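**Q** What follows is a single structure, and I will ask about it in a moment.
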Amino acid sequence: MMKNKIIMTILIIAMILTIGTISSFAEGEANIELNLNGQTTINEDAKTVELTLSLGDFTGVEAGATLGYQATLEFDENMFQSVEVEGLNGWTANYESSTKVLLGDVDRANPNTDITKITLTLKDDVQPGTEGKVQINNILLTDGNNDFTFNKEVTVKMEEEVTTPVEDDNTNNSGNNGNATNNNSSINANISNNAGMQSGNTDNTTVQATRLPNTGIENIILVAIAVTIVAIIVFKIKSRDIKY
């Protein structure tokens with residue numbers, strides 16, 4: 001009998017431990033994704049910034065379950081002056097500016113669903129390049145059996161103004177005129193140099209053309225005189241032979 005009681009006690013303890021382990025495992029597997037998305041870069045003409053709080057995949061939580069959340073919504077008051085919230089896809093949403101508490105719930109929650117739209121109004125004197133944070137802290141999301149905690153944050157930046165330098169047409173024209181003047185001066189100088197060179201060449205050619213005929217005539221005269229002298233000598237010699 002005593003042995004049977006011991007065995008029963010061991011079995012009961014084992015069952016309790018097994019149930020506890022299964023329960024812990026099931027609780028550890030339950031999970032819901034929560035995301036904060038929206039505009040992170042805006043231009044200087046923007047008046048508001050819109051962000052969206054959304055659910056992702058469910059793990060260990062059935063679709064259609066009742067869900068609710070509570071959080072603290074804070075923003076950079078140097079960049080934003082006010083905030084408004086709106087529930088989406090059947091969700092309620094409420095924000096109390098004095099306490100900064102954000103609340104929302106739904107009777108039947110579905111995964112991969114936008115649940116809250118957050119609209120922040122920018123201040124009028126925000127300068128390009130300014131950055132500001134929007135934080136949703138200490139988020140507690142629950143289905144009554146499982147609690148999920150999150151902290152979400154985004155940084156919003158106003159783009160810096162890009163200025164394109166404007167070229168001065170008059171400066172360009174004057175620069176072009178200056179270049180044209182310089183080019184014309186260079187062209188004129190080249191023409192003058194070429195003209196001088198051509199003029200020098202013409203003078204040399206003229207001198208050479210003038211001297212060449214004079215030299216030829218002198219040579220012809222000298223040859224003629226030499227021929228005449230030789231002819232006279234030959235004539236005299238022949239005359240003497242005839243006499244004798």
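The values are calculated or read from the model by the stated rules, or taken from the named source; none is laboratory data. Note that the structure is a prediction, hence the values are computed from the model and not measured. Cβ coordinates were reconstructed from backbone atoms using ideal geometry, including for glycine residues, and neighbour counts include every protein chain displayed. What goes into the accessible areas is simple: the full protein's heavy atoms, side chains included, and nothing from ligands, DNA or RNA. Shrake-Rupley method; radii C 1.70, N 1.55, O 1.52, S 1.80 Å.
**Q** N94: of a type in the set (S, T, N, Q) and without any contact (Cβ under 8 Å) to a residue 60 or more places away in the chain, yes or no?
**A** Working: of a type in the set (S, T, N, Q): yes; without any contact (Cβ under 8 Å) to a residue 60 or more places away in the chain: yes.
Yes, satisfied.
**Q** Might you let me know whether segment 65-78 holds any residue that is under 38 Å from the mean Cα position of the chain (by Cα), over 26 Å from D124 (Cβ atoms) and open to solvent by 70 Å² or more (accessible area, probe 1.4 Å)?
**A** Within segment 65-78, not a single residue is under 38 Å from the mean Cα position of the chain (by Cα), over 26 Å from D124 (Cβ atoms) and open to solvent by 70 Å² or more (accessible area, probe 1.4 Å).
**Q** Follow-up. State the number of residues belonging to segment 79-100 that are open to solvent by 60 Å² or more (accessible area, probe 1.4 Å), in contact with a strand residue (DSSP E or B) (Cβ under 6 Å, 6 or more places away or on another chain) and assigned to a strand (DSSP E or B).
**A** 4
**Q** Within segment 110-150, which residues are charged (D, E, K, R) and within 34 Å of the chain's Cα centre (by Cα)? Outline the logic, then answer.
**A** Filtering segment 110-150 for residues charged (D, E, K, R) gives 114, 117, 123-125, 131, 133, 143, 147.
Of everything in segment 110-150, those that are charged (D, E, K, R) and within 34 Å of the chain's Cα centre (by Cα) turn out to be D114, K117, K123, D124, D125, E131, K133.
**Q** Follow-up. Kindly evaluate S23 against the criterion of being farther than 19 Å from G132 by Cα, modelled with pLDDT under 95, open to solvent by less than 60 Å² (accessible area, probe 1.4 Å) and of a type in the set (S, T, Y).
**A** yes
**Q** Can you list residue pairs whose Cβ atoms sit under 6 Å apart, with the first residue in segment 128-143 being within 19 Å of V101 (Cα to Cα) and open to solvent by 40 Å² or more (accessible area, probe 1.4 Å) and the second being in a loop (DSSP other than H, G, I, E, B) and modelled with pLDDT of 95 or more? Count only pairs 6 or more apart in sequence or on different chains.
**A** Listed by first residue and then by second, the contacts come to K133/D76.
**Q** Sticking with this structure for a sec: Could you grab the pairs with beta carbons closer than 6 Å, sequence gap of 6+ or different chains, first residue in segment 60-79 and on the phi > 0 side of the Ramachandran plot, second one modelled with pLDDT under 95 and open to solvent by 60 Å² or more (accessible area, probe 1.4 Å)?
**A** Going by the 6 Å Cβ cut-off, the qualifying pairs are G60/E29.
**Q** If you don't mind, another one. Starting from segment 41-53, keep only residues that are under 20 Å from I139 (Cβ atoms) and in contact (Cβ under 8 Å) with a residue 60 or more places away in the chain, then list their pairs with residues that are part of a strand (DSSP E or B) and hydroxyl-bearing (S, T, Y) whose Cβ atoms are within a distance under 6 Å, requiring at least 6 positions of separation or different chains.
**A** That search, which allows pairs on different chains as well, returns E50/T119; L53/T116.
**Q** Hey, can you tell me all the residues within segment 101-135 that are in contact with a strand residue (DSSP E or B) (Cβ under 8 Å, 6 or more places away or on another chain) and part of a loop (DSSP other than H, G, I, E, B)?
**A** The first filter runs over segment 101-135 and keeps only residues in contact with a strand residue (DSSP E or B) (Cβ under 8 Å, 6 or more places away or on another chain), leaving 101-106, 109-123, 126-135.
Residues satisfying the conditions are A109, N110, P111, N112, K123, V126, Q127, P128, G129, T130.
**Q** Now for a different question. Hey, does segment 107-123 have a residue that's open to solvent by 90 Å² or more (accessible area, probe 1.4 Å), within 26 Å of D147 (Cβ to Cβ) and not charged (D, E, K, R)?
**A** Yes, because at least one residue in segment 107-123 is open to solvent by 90 Å² or more (accessible area, probe 1.4 Å), within 26 Å of D147 (Cβ to Cβ) and not charged (D, E, K, R).
**Q** Another question, if that's okay. What is the number of the single condition among (1) under 34 Å from the mean Cα position of the chain (by Cα); (2) assigned to a strand (DSSP E or B) that E160 does not meet?
**A** Single failed check for E160: (2).
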